[in-house]
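The values are calculated or read from the model by the stated rules, or taken from the named source; none is laboratory data. Computed from a prediction, not measured in an experiment: that's the story for all the values here. A quick note on method: Cβ atoms are made from the backbone with ideal geometry, for glycine too, and the neighbour counts reach across all protein chains shown. Surface areas here come from the heavy atoms of the whole protein model, side chains and all, with no ligands, DNA or RNA. Shrake-Rupley method; radii C 1.70, N 1.55, O 1.52, S 1.80 Å.
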Amino acid sequence: VGPFCYVSCLLELWQYNETIIRSLTALDIITMVNRTVVSSVSGVDVQTLLGGDLFYNDQGMLTAAAATYITWVLKKESDNSDAAEFERVMIVKALGGHKNISGTYVYASRSFDDEGYGAINSDYKLLFAGFSIVFLFILLSLGKFNLMEQKIYLSLAGMACVGLAILAAYGLATGFGVMYSPIQSIMPFLLLGIGVDDMFVIIESWKNLTPEEEKLSVPSKLAVTLSKAGVSITVTSLTDVVAFGIGATTTIPALSSFCIYATLGIFVLYVLVSTVFAGVLALDERRRQAHRDACLCCYRHSDNYTPNRCGSGKSFLQTVFGSLYGPFLTKLPVKIIVIAVTFSLAALGCWRFVQMKQDFDLINYIPRTSYAYTYARTKQSYFNRDGVDATIYCSSLNYFEERDHLKEMHSRISQSHFVQKGTINSWFTTFTAIAQQSGWNITSETQFYSRLYSFLQTPTGQRFASFIKLNSTSEPVSMLASYINLRHTRQPDSAHDVMSMDNIRDIIDTSGLPKFGGKDMPEYMCFAYSRDYMTFETNKVLQVELYRNLGMSAAAVFLVTLILIANLWTSLLVFVCVIFTIVDVGGALEMWGVTIDTASSILLTLSVGLAVDYSAHVGHTFMTVSGSKNDRVIVTLKLIGPAVFNGGFSTFLAFVLLADSASYGFQMFFKVFVTVVVFGLFHGLAFLPVVLSLIGAEPYKHSDEVPSAYKHPDEVPSSMSVLVNKSSTEDSENHISEQKGESLPAGHTEVNKCCTISCGE
């Protein structure tokens, strides 16, 4: 600004003259601060540089303040390395403090990247540790604890599928030019949760093969396994793809780009799990049949090798779900309690969800131990009236003819309660005031620009040199563009931030300045802009976009499950479980202090895709089992319950280490994923089975083709013999004997599975 660096500071009142400054007395300083309204160097209102408790004497003179701040404006260059180094040194010096100053706080352009992303990068080790925990869990869950039936290489193949899907998503999305943002860092864990869930479903189907199916060739065994598990993983994967595909249509760029990445990743993961993982499963079975060691595949065990009993027996979770949890859940009192708890949670969640505030505070994404976070909170404490800085730009309009409209615009802006008093730094008002004081009679456009050019050569006008873009460095001149600066008052929340932005825009738009552009796209010669306005624009549509995306994603989930499950009633019940899960998650997050911002909106949209996994598997499996509704629920829980539980628990393990993360973003990831897992498992493994046991749909017509080992937890063999006391069923015995044309053993009746016998005690 003329001969001085552009620094807003109290020292500019004395033109940074060290000799004068060192000779000042307290009275000199107080007199100058009270006498000077606007600094002649930077043009700011002097008293806006003072904050905290302000003290005045009996004459109304300001005598003391608790804090002041200094602002440096750096020159923009193509290579900002010098500026970044300047900021680094300045931060170090400021944090070093001064013996005569009680506290010094600093924030620079690089601070958010250094501190915010620094916290994210430092917490990646927790994410990698979570990946390792999930791998160990998969290793323990997929195989058995003996030398031949471990699944170490199958577990590695599953993790490799997740890794390849992540690489494919990043590669394809960036190849298509889709924006990358830091929120994409959570996508690997989304794919991990979905991929592990699909793996467990396939492995559970493999474990549940009947003795007859176990004797089939490896390709046939794999075919039977995928014929049972394929629909389940297709339902969940396709619903996720459609849900995120719809989310990609949002107007919010960060949310749209994340949904595109997720859509590509989930589709590639589905293909890899269905092919690569299934193929490795077949190879692993060939290895087992050849008696080769699970770790050292070149070593072959003898044909007499017998696995240990401890870790090679029946699946523990299958026993729990089939023999303990399933029968317990189908008791009437338990059903009543589950339904009551579900609807109570839904009512509470809905009540809290609609109260979730729309408020985005970028400072939350900086670690609380950071100097940048301390600066932000300290500034809010001492300068609680300060809002965001904004600029009003005007293009090459005729400033002479539009001077009355410009005056009206300036007057209305200065009177707005959304603008902090004394913060408007305008070349136009200063030039107009000097013209009146000097008695200039400006009657033409040429005279206007000539006087303006002369004004810019004065000490007062030099500080506006960067505010005006002239077409020439010598007379005659005209203006190509100009701007003025202002600062908003501090607003209580994001909704009022949006109101403050719209207020300034409305004043500019209705000031009478000429437009350019067509009728359908009215644009204005003057407009307001701020970096923070980009956040305000997002907040303006965020809540509507969130509800839109949640609604459309949920509707897509219903349509896809309806097509693939092929039963309206079951699909509707799955849909209800998804809705209840989302409502409960939203309510829990609101009580946890989470507000609606870009990150939470992405995570809530993501939760739709995760929530459907827990219910869709159960709903589809229920349709493949015949028998009474209670028996079908018990068998369903035995067949698919372990896979659903393991999938949810593995997702929880991946994020559990983030509970104490220094990053606000990672803490939010933990809150969302934990609530989705808890409520998703509850609705999938408790509420949905209870509802199915009461009002579940009839099974598929071909469900009687399912081997009876799937139809009852006690695994009754397919060729059944029922022993009945002859004296109480004599008529039935004779009838059956006549039908079969053969004699029966004395005292017993053999009944084919196509027959039905009613017998007393």
Quiz prompt | Highest to lowest packing among 322-329, 676-683, scored as the average C-beta count within 10 Å | solution = 676-683, 322-329
Quiz item: Which FRET efficiency value, to the nearest 0.05, do you get for K93 and C350 by plugging their Cβ-Cβ distance into 1/(1 + (r/R0)^6) with R0 = 51 Å?
Solution: 0.45
Practice problem: Divide by every residue of the chain the summed helix terms, -39500 (n - 2.57) for each DSSP H run of at least 4, and state the resulting mean residue ellipticity at 222 nm, rounded to the nearest 500 deg cm²/dmol. | Solution: -18000 deg cm²/dmol
Quiz item: Mind ordering 599-610, 338-349, 251-262 by average Cβ neighbours within 10 Å, highest first?
Solution: 599-610, 251-262, 338-349
Self-check item: Within region 69-116, trypsin sites (Lys or Arg not before Pro) in DSSP loop having at most 12 other beta-carbon neighbours inside 10 Å
Solution: K75, K76, K99
Quiz prompt | Accessible solvent surface per residue of the chain, calculated while the other protein chains remain in place, 1.4 angstrom probe, Å² | solution = 48 Å²
Exercise. Any of K125/K228; K335/K701; K151/K331; K125/K671 with alpha carbons more than 30 Å apart? Name them for me.
Key: K125/K228; K151/K331
Quiz item: Between V334 and T174, what is the spin-label point distance in nm, taking each point 7 Å from the Cα along the Cα→C-beta axis?
Solution: 5.1 nm
Quiz item: Roughly speaking, what is the stretch gain from T25 to T275, that is 0.36 nm per residue apart minus the C-alpha to C-alpha distance, in nm to one decimal?
Solution: 81.7 nm
Self-check item: Loop-located GluC sites (Glu not before Pro) in region 9-103 whose Cβ has at most 10 other Cβ within 10 Å (DSSP)
Solution: E77
Quiz item: What do you reckon, how do E475, E204 stack up by accessible area (1.4 Å probe), largest on top?
Solution: E475, E204
Quiz item: By accessible area of protein heavy atoms, probe 1.4 Å, what ranking do Y299, Y449, Y365, Y107 get, highest first?
Solution: Y299, Y107, Y365, Y449
Quiz prompt | Pairwise FRET efficiency - F527 versus V320, Cβ, R0 = 45 Å, nearest 0.05 | solution = 0.10
Self-check item: Which label in (1) 39.2; (2) 31.3; (3) 47.1 gives the computed mean projected area of the Cα convex hull in nm²
Solution: (3)
Quiz item: Under a Cβ-Cβ cut-off of 13 Å, what is the net charge of the residues other than T104 that fall near it, where Lys and Arg count +1 and Asp and Glu count -1?
Solution: +3
Quiz prompt | Sites T63 and R403, calculated FRET efficiency, Cβ-Cβ separation with R0 60 Å, nearest 0.05 | solution = 0.90
Practice problem: Please list 430-439, 666-675, 409-418 highest first by mean number of surrounding beta-carbon atoms within 10 Å per residue. | Solution: 666-675, 409-418, 430-439
Quiz item: Once amide H atoms are placed 1.01 Å from N in the peptide plane, what residues at a sequence separation of 5 or more from D386, or on another chain, have their amide H within under 5 Å of its amide H?
Solution: R490
Exercise. Evaluate the distance, in nm, between pseudo-label points positioned 7 Å from the Cα of V37 and of S411 along their respective Cα→Cβ axes.
Key: 1.7 nm
Quiz item: With all protein chains present, how much of the accessible area of the chain (probe radius 1.4 Å) comes from carbon and sulfur, to the nearest whole percent?
Solution: 60 percent
Self-check item: Cα gyration tensor shape of region 340-408, rounded if a/c is under 1.5, else prolate or oblate by comparing a/b with b/c
Solution: oblate
Self-check item: Rough spin-label spacing in nm, given labels placed 7 Å along Cα→Cβ, for F55 and S472
Solution: 5.8 nm
Quiz item: Going by the alpha-carbon gyration tensor, a ≥ b ≥ c the square roots of its eigenvalues, is region 538-692 rounded (a/c under 1.5) or, if a/c is not under 1.5, prolate (a/b greater than b/c) versus oblate?
Solution: oblate
